[in-house]
Amino acid sequence: FKVFGECGLKDKIHYNLNNQSNIIRFYNGSEIFLLDLAYAPSDPLYTWLGGYEFTGGAVDESAECHRSAIETLTTRIGRKNNKKYGIRAKILETFNPAKNHVYTRYYQPWKNNTLPKEVKFVKALPQDNPSPEVGPYVERILKSSDKNMVERLIHGNFDYDDDPSRLMDFEKIIDIFGNNHVPPGRRCITCDVARLGGDKIVVIEWDGWRGKVKSHQKQTLDITGTIVEGLRYNMKIGNSDVLVDEDGMGGGLVDFLKFKGFVNNATPLPSPDGPLDQNTGKRIPENYTNLKSQCYFRLSQRVQNNGLYLEVEDEHTRELIIQEFSHVKQKNMDKDGKRAVLGKDEVKLLIGRSPDFADAIMMREWFDLKPQFKILAG
């Protein structure tokens, strides 16, 4: 409406807003639909957009929208009077630098000169805006002690990240979906079962460090057990090859189906290749606060060394894993003592949901810490 005023357009003369339908209708019949693209777990594919026919579209703060919303919206443009008026079907996305789908879809290909020919990326900085309001805005940001905010919002730097507590490089996280060189190996299943409150049920089929990631909405424990049992049967593995997060609702699966249980706060396990205690001859436990922290540190090293490959069901799942891995951080890194990672509740505050995918992937390290019994020939 600010733009309308600058263009000399007046309410009730040149246009009307229907507050119930959120549609702006102009005197010549053109319309603007104001849509809320917030993610709804009940409709992850945004099927509600399927009935619309648009000429074109614009998405403000695209980095805060789910990629599936934009992909669905793309299928709805070019359907309203485009041929009649010779209008090309286009979508404009505006966003601040972020390490999510806008990075992988636009910034990274632009930087590598691999953008598809139908896509253009325009890097715009606050200094490009002639509005007198921009000066005070820039000054406020520059006075901020948040260097990351200054780099992102003032310099347009997508790659800047001054958080030394992060355990994985962003580009290495992206690589896990293309590391198809990772060899097959031990076959097993890890499962993070939804707690009370609506978290996802994540089940991963592993062949070595090649994982097939699947997720389900929260459901009764017997249905979850049936799903996991079916996968176990198809993979031809035993109950001891299935590991379930025992801290949540997964304790029921451990009790009834005799799967192995993963307890986050359990004592760290001795590394199979760690040093031996000279008195007992046993492996010395590693210096972590708990088993979960130990497994996350091991996983982070594996990701850095390109030793993890994941197959996912859709782009939305891929984006969720990227976000969760980006928040695997060392806790209290400036203090002496045992090493630890941020807890699930702390990560949940940062990303607005539980890191169920990352936890299920992390649990795979347990099988390497508990090596298979081998019978030596001869």
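Can you compute the charge dipole magnitude of the chain about its Cα centre, using +1 on each Lys and Arg Cβ and -1 on each Asp and Glu Cβ, nothing else charged? Give it in debye, rounded to the nearest 20.
Values: 53 positive and 52 negative charges, 141 e Å.
My answer is approximately 680 debye.
Test of understanding: what is the full-extension gain from TYR137 to THR226, defined as 0.36 nm times their sequence separation minus their Cα-Cα distance?
The TYR137-THR226 span can extend by a further 26.5 nm.
Over the chain, what is the relative contact order in percent, taking alpha-carbon pairs closer than 8 angstrom and at least six residues apart? Each step should come with its number before you reach the end.
Values: 536 pairs, mean separation 49.3, N = 378.
Computed value for the chain: 13 percent relative contact order.
Straight distance only, please: which lysines reach the Cα of LYS10 with their own Cα at less than 24 Å, same-chain residues fewer than 8 apart left out?
LYS2
With springs only between Cα atoms under 10 Å, which of ARG210, ARG25, ARG187 fluctuates most in a Gaussian network model of the chain?
Of ARG210, ARG25, ARG187, the Gaussian network model singles out ARG25 as fluctuating most.
Nothing charged except the Cβ atoms of Lys and Arg (+1) and of Asp and Glu (-1): what's the magnitude of the dipole of region 65-138 about its Cα centre? Round to the nearest 20 debye.
Values: 14 positive and 5 negative charges, 114 e Å.
In total the dipole reaches around 540 debye.
Which FRET efficiency, nearest 0.05, do ARG25 and ASN157 yield, Cβ-Cβ r, R0 51 Å? Please list the in-between numbers first.
Numbers: r = 41 Å, r/R0 = 0.81.
E(calc), rounded to 0.05, equals 0.80.
Excluding ligands and nucleic acids, what accessible area in Å² is computed for ARG76 using a 1.4 Å probe, to the nearest 10?
30
Over what distance in Å are the Cα centres of region 202-241 and region 337-353 separated?
Comparing the Cα centres of region 202-241 and region 337-353, I get a distance of 25 Å.
For TYR27, TYR15, write out the residues from largest to smallest accessible area, computed with a 1.4 angstrom probe and no ligands counted. Write down the numbers at each step before the final one.
Values: TYR27 160, TYR15 20 Å².
Most to least solvent-accessible, the answer reads TYR27, TYR15.
Using a Förster radius of 22 Å, what is the FRET efficiency between TRP110 and HIS216 based on their Cβ-Cβ separation? Nearest 0.05, please. Could the numbers behind the result be given before it?
Working: r = 36 Å, r/R0 = 1.65.
Using R0 = 22 Å, I get an efficiency of 0.05.
Counting only pairs 8 or more places apart or on different chains, how many lysine pairs in region 234-374 have C-alpha atoms closer than 21 Å?
Lysine pair count for region 234-374: 25.
Of all trypsin sites (Lys or Arg not before Pro) in region 229-288, which ones are in loop regions per DSSP and have a Cβ with at most 10 other Cβ atoms within 10 Å? List each step's numbers first, then the result.
On the way: sites: ARG232, LYS236, LYS258, LYS260, LYS282, ARG283; in loops: LYS236, LYS258, LYS282.
The qualifying sites are LYS236, LYS282.
Mind giving me the nanometre distance, one decimal, between the label points for GLU346 and LEU34, set 7 Å out from Cα along Cα→Cβ?
It is 4.1 nm.
Show me the ranking of peptides 127-135, 299-307 by mean Cβ neighbours inside 10 Å, starting with the highest.
On the way: 127-135: 9.9, 299-307: 17.2.
My ranking of the peptides, most packed first, is 299-307, 127-135.
Suppose only helical runs count, i.e. DSSP H with n ≥ 4. What mean residue ellipticity at 222 nm does that imply for the chain under -39500 (n - 2.57) per run, divided by all residues and rounded to the nearest 500 deg cm²/dmol? Could you put the intermediate results ahead of the total?
Values: 14 runs with 111 residues, N = 378.
So the helix-based figure for the chain works out to -8000 deg cm²/dmol.
Can you list the residues, at least 5 places off or on another chain, whose amide H is less than 5 Å from the amide H of GLU311, using H built in the peptide plane?
Those lying under 5 Å, H to H, from GLU311 are GLY211, LYS212, VAL213.
If you roll a 1.4 Å probe over the heavy atoms of the protein chains, what accessible area per residue do you get for the chain, in Å²?
On the way: 21840 Å² over 378 residues.
Per-residue value: 58 Å².
If you take the Cα atoms of region 1-148, find Rg, then find the Kirkwood Rh from the mean of 1/r over all pairs, what is Rg/Rh?
On the way: Rg = 18.2 Å, Rh = 18.2 Å.
Rg/Rh for region 1-148 comes to 0.99.
What part of the accessible area of the chain, given as a whole %, is carbon or sulfur when the probe is 1.4 angstrom? Mind dumping the intermediate values first?
Values: 11010 of 21840 Å².
Using a 1.4 Å probe with all protein chains present, the chain comes out at 50 percent carbon and sulfur.
Which one, PRO136, PRO275, PRO355, has the greatest fluctuation when you compute a Gaussian network model over the chain with C-alpha springs under 10 angstrom?
PRO136
Enter the angle in degrees (range 0 to 90, nearest 10) between the Cα long axis of helix 315-326 and the first principal axis of the Cα atoms of the chain, meaning the one along which they spread out most.
The angle comes out near 70 degrees.
Between GLU93 and residues 5 or more places away or on another chain, which pairs have amide H atoms under 5 Å apart, with H built 1.01 Å from N, and which residues are they?
Those lying under 5 Å, H to H, from GLU93 are VAL59.
State log₁₀ I(q)/I(0) for region 61-139 at q = 0.18 Å⁻¹ as given by the Debye formula over alpha-carbon point scatterers of equal weight, solvent excluded.
So the normalised log intensities are -0.93.
Which of ALA340, ALA40, ALA89 moves the most in a Gaussian network model of the chain with Cα springs under 10 Å?
Among ALA340, ALA40, ALA89, the largest mean-square fluctuation in the Gaussian network model of the chain belongs to ALA40.
Between TRP48 and PHE1, how high is the FRET efficiency from 1/(1 + (r/R0)^6) when r is the Cβ-Cβ distance and R₀ = 22 Å? Nearest 0.05. Before the final figure, lay out the partial values.
On the way: r = 26 Å, r/R0 = 1.17.
Once rounded, the FRET efficiency stands at 0.30.
Can you pull the one-decimal nm distance between simple spin-label points at SER165 and LYS84, each 7 Å off the Cα toward Cβ?
5.7
What does the extension gain come out to for ILE174 and MET149, with contour length at 0.36 nm per residue minus their alpha carbon separation? Don't jump to the answer; show the numbers that get you there.
On the way: separation 25, 0.36 × 25 = 9.00 nm, distance 2.27 nm.
Difference between extended and current length: 6.7 nm.
Taking the simple approach of a point 7 Å from Cα along Cα-to-Cβ for both THR74 and ARG353, what is their distance in nm?
Calculated label separation equals 2.0 nm.
Quick check of the Kirkwood formula: for the chain, what is the inverse mean of 1/r over all pairs of different Cα atoms, in Å? Kindly include the intermediate steps, with their values, before the conclusion.
On the way: mean 1/r = 0.0413 Å⁻¹.
For the chain, inverting the mean 1/r across all distinct Cα pairs yields 24.2 Å.
The values are calculated or read from the model by the stated rules, or taken from the named source; none is laboratory data. Computed from a predicted structure; not experimentally measured. All Cβ positions, glycine included, derive from the backbone under ideal geometry; neighbour counts span all protein chains shown. Protein only, heavy atoms only, side chains kept; ligands, DNA and RNA dropped before computing areas. Shrake-Rupley method; radii C 1.70, N 1.55, O 1.52, S 1.80 Å.
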